[in-house]
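Each remark here refers to the structure printed beneath this line.
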Amino acid sequence: MVLSILQGARILATGSAVPDLCVKNEELSQIVDTSNEWIVNRTGIQERRILNKKEESIITLASLASIKALNSASMNPLDIDLIILATSSPNDLFGSAAQVQAEIGARNAVAFDLTAACSGFVLGIITAAQFIQNGSYNNILVIGADVLSKWIDWSDRNTCILFGDGAGAVIVQSCAKEDNGILGFQLNTNGKEAHQLSIPYEKNYIIKTKNDIPDINQGQFKYLHMNGKEVYKFAVSQVPISISKCLKSLNILPEHIQWLLLHQANKRILHAVANRLSISFNKIISNLNKYGNTSAASIPLALDEALKDKKIKKDDIIVISGFGAGLTWGTVVIQWKC
């Protein structure tokens with residue numbers, strides 16, 4: 001979709017945070033029947049970060065990433081108008097964005113959670129751009145943060161090897177129309193396949209009541225479930241289509257982009273998508289080997305590291321695509337303006 005805008009929007013600054021505890025593949029092989037070679041060959045992951053301190057939570061990670069982004073922009077938290085926290089593992093089922101707002105001292109900001117799993121950050125950026133480009137807000141903090149380690153069955157080698165915890169944040173700021181850096185987007189959902197990747201709620205016991213009052217069903221959320229083969233097929237077939245549609249709407253050829261930044265799910269997916277688009281593997285931004293799949297955090301975490309490594313230059317075109325539970329997937333094309 002090509003955007004019709006009143007004013008421009010650009011990413012001004014980034015920040016990221018991960019827990020201190022690093023769990024390597026060799027250590028996982030002491031928990032489940034696996035090996036470093038098996039994990040690396042199938043996923044590209046060598047290690048991941050996991051929350052383990054009592055005082056650590058998604059709030060501490062999201063807040064630290066946000067503060068780093070604010071410091072990078074030399075911005076006062078009071079100047080933030082809106083906070084969007086993309087997460088599927090909140091500290092509170094009612095949401096965690098408000099707690100981040102309080103933690104970083106952004107008391108002038110409206111704050112809400114956005115739940116779209118591994119696509120969450122892409123949806124957060126697009127939502128922020130809409131608010132800015134229609135003139136509603138000027139400075140928006142978009143955070144992608146997840147701590148899926150608390151929803152993993154650590155006896156299931158098909159999932160426990162994949163996921164890690166982390167947070168990434170960006171500040172999206174209004175600018176002149178000619179400096180607009182959020183060029184266009186493309187989004188999709190297929191709810192019929194939601195069962196392929198989910199953390200389902202299961203009714204597992206009943207509270208008995210008296211008289212004519214019906215019994216009350218109670219339950220709890222189960223561990224993360226993923227059909228790896230189906231998710232792989234979905235990603236490598238649908239993500240290239242989404243990217244192609246988005247680039248076509250902007251009259252940009254794949255060979256003219258500088259960087260491809262995909263949700264960090266699996267090395268094979270990253271390479272398969274690039275191959276289908278005839279994009280050089282050298283243009284892939286990836287830190288999957290160090291952090292595993294951090295869900296909504298994976299894209300901003302990788303973006304922040306790429307900027308720190310000075311890979312991204314002014315006016316570079318970056319294709320960003322997220323995909324995962326829902327099933328949801330989408331693309332946003334940005335041009336780096338800072």
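The values are calculated or read from the model by the stated rules, or taken from the named source; none is laboratory data. All values reported here derive from a predicted model rather than from experimental measurement. Every residue, glycine as well, gets a Cβ built from its backbone with ideal geometry; the counts of neighbours run over all protein chains shown. In case anyone asks, the SASA skips ligands and DNA or RNA and just uses the protein heavy atoms, side chains included. Shrake-Rupley method; radii C 1.70, N 1.55, O 1.52, S 1.80 Å.
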Which numbered condition R48 misses (of (1) open to solvent by 40 Å² or more (accessible area, probe 1.4 Å); (2) outside any helix (DSSP H, G or I); (3) under 17 Å from G166 (Cβ atoms); (4) at pLDDT 95 or above): (1)
Members of segment 51-98 that are of a type outside the set (G, A, S), in contact (Cβ under 8 Å) with a residue 60 or more places away in the chain, open to solvent by 10 Å² or more (accessible area, probe 1.4 Å) and in a loop (DSSP other than H, G, I, E, B): L51, M75
Residue match in segment 168-178 (condition: assigned to a loop (DSSP other than H, G, I, E, B), surrounded by 10 or more Cβ atoms within 10 Å (Cβ to Cβ) and among the polar types (S, T, N, Q)): no
Segment 112-130: number of residues that are crowded, with 24+ Cβ neighbours inside 10 Å and assigned to a loop (DSSP other than H, G, I, E, B): 1
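From the list G326, G228, G322, which residue is open to solvent by less than 50 Å² (accessible area, probe 1.4 Å), modelled with pLDDT under 95 and on the phi < 0 side of the Ramachandran plot?
Numbers: G326 fails: on the phi < 0 side of the Ramachandran plot; G322 fails: modelled with pLDDT under 95.
Checking each option against the conditions leaves just G228.
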Number of positions in segment 292-319 that are open to solvent by 10 Å² or more (accessible area, probe 1.4 Å) and within 15 Å of L187 (Cα to Cα): 0
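Within segment 179-203, restricting attention to residues that are in a helix (DSSP H, G or I) and either of a type outside the set (K, R) or touching a helix residue (DSSP H, G or I) at 6+ places or on another chain (Cβ under 9 Å) (or both), which residue is least open to solvent (accessible area, probe 1.4 Å)? Break it down stepwise before answering.
First pass over segment 179-203, keeping only residues in a helix (DSSP H, G or I): 179, 191-196.
Retained after the next criterion (residues that are either of a type outside the set (K, R) or touching a helix residue (DSSP H, G or I) at 6+ places or on another chain (Cβ under 9 Å) (or both)): 179, 191, 193-196.
Details: D179: 73, G191: 52, E193: 62, A194: 35, H195: 106, Q196: 19 Å².
Of everything passing the filter in segment 179-203, Q196 is least open to solvent (accessible area, probe 1.4 Å).
Could you pull out the residue among I213, I206 that is part of a strand (DSSP E or B), at pLDDT below 95 and either on the phi > 0 side of the Ramachandran plot or open to solvent by 70 Å² or more (accessible area, probe 1.4 Å) (or both)? Step through it out loud before you land on a result.
Values: I213 fails: part of a strand (DSSP E or B).
Going through I213, I206 in turn, the sole match is I206.
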Sole exception among (1) loosely packed, with under 15 Cβ neighbours inside 10 Å; (2) at negative phi; (3) modelled with pLDDT of 95 or more; (4) not acidic (D, E) for A235, by number: (1)
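Every residue, every condition in (1) open to solvent by 10 Å² or more (accessible area, probe 1.4 Å); (2) touching a Phe, Trp or Tyr at 6+ places or on another chain (Cβ under 9 Å); (3) β-branched (V, I, T); (4) without any contact (Cβ under 8 Å) to a residue 60 or more places away in the chain, yes or no:
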| residue | (1), (2), (3), (4) |
| --- | --- |
| K24 | yes, no, no, yes |
| E27 | yes, no, no, yes |
| D33 | yes, no, no, no |
| I39 | no, no, yes, no |
Residue under evaluation A102, criteria (1) open to solvent by less than 60 Å² (accessible area, probe 1.4 Å); (2) free of Cβ contacts under 8 Å to residues at least 12 places away in the same chain, criterion not met: (1)
Listing of helices (runs of 4 or more DSSP H) fully contained in segment 217-311 that carry 2 or more residues being aromatic (F, W, Y) and in contact (Cβ under 8 Å) with a residue 24 or more places away in the chain: 228-249
